[in-house]
1. Cβ under 12 Å from residue 63's Cβ, residue 63 left aside: what net charge do those residues give with Lys, Arg +1 and Asp, Glu -1?
2. Check which residues have an amide H placed less than 5 Å from residue 106's amide H, if you skip close sequence neighbours.
3. Give, rounded to the nearest 20 debye, the magnitude of the charge dipole that the chain has about its Cα centre when Lys and Arg contribute +1 at Cβ and Asp and Glu contribute -1 at Cβ.
4. Which residue, 78, 108, 28, tops the fluctuation ranking in a GNM of the chain built on C-alpha contacts under 10 Å?
5. Could the peptides 3-13, 44-54, 81-91 be put in order, highest first, of the mean number of other beta-carbon atoms found within 10 Å of their residues?
6. Can you find, among 59, 81, 97, the residue sitting farthest towards the positive end of the charge dipole of region 3-178, where Lys and Arg contribute +1 and Asp and Glu -1 at Cβ?
7. Roughly how many nanometres apart are two label points built 7 Å out from the Cα toward the Cβ at residue 66 and residue 4?
8. Choose one of 136, 111, 158: the residue whose Cα lies farthest towards the positive end of the charge dipole of the chain (beta-carbon charges +1 Lys, Arg; -1 Asp, Glu; about the Cα centre).
Amino acid sequence: MNVCDLIDSLLSYMPGTRHLGLRPQTEADWPFLRALFVSRRWAEACAAPGWGDAQRLAFLHSQAELQQRHYAEHFPSAAFLLIEQQQAPIGRLCIQHGAEALHLVDIALLPAWQGQGIGTALIQAMLREAGDLPCTLHVEAFSPAQRLYQRLGFRSTGEQGFYLKMQHPPDPHSASADS
């Protein structure tokens, strides 16, 4: 499935979010993606004693670049999408569609857009897209996002370093499972 087909499919499962859009991430999106990363990690960086804001920002920018390289290396066929509200970027969604599973690589929203059901709608659309494939993800062991994933039916399947591995079973009622 190509990225455009994936976007169309995901959005078709989200009819109540008419101003929400998805598009492929480009190099021009890097400033936004870096700011998104900083918004996710700023509180953690503030816990580092003796650092000024400029040092925190430089550290987080370097971490954002490392994350981007890691994703490109370990998930080369993933769909890296920007989440938009009325054509303004508000987050990102990265999905690796494999033969054995649909893997949620990353989902992130700017703080102002969190808690409004957008992440839930996107993950539910991803689950419907998966059909008879399981959905997998890794989440930091201390992340509050675990509650969202558990509420949506993901269950822990073990640990990998600092991360908890989670899986959502395939939908037994999907069209491809019924064939």
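1. +3
2. Here the answer is 94, since their amide H atoms fall under 5 Å of that of residue 106.
3. So the magnitude is around 520 debye.
4. Of 78, 108, 28, the Gaussian network model singles out 28 as fluctuating most.
5. Listed from highest to lowest mean packing, they are 81-91, 3-13, 44-54.
6. Checked the options; the winner is 59.
7. 3.8 nm
8. Farthest along the dipole direction, towards plus: 111.
Taken together, the values in this text are just the output of simple stated rules run on the coordinates, not laboratory data. Small disclaimer: the values here were computed from a predicted structure and weren't measured. Every residue, glycine among them, receives a Cβ derived from its backbone with ideal geometry; neighbour counts consider all protein chains shown.
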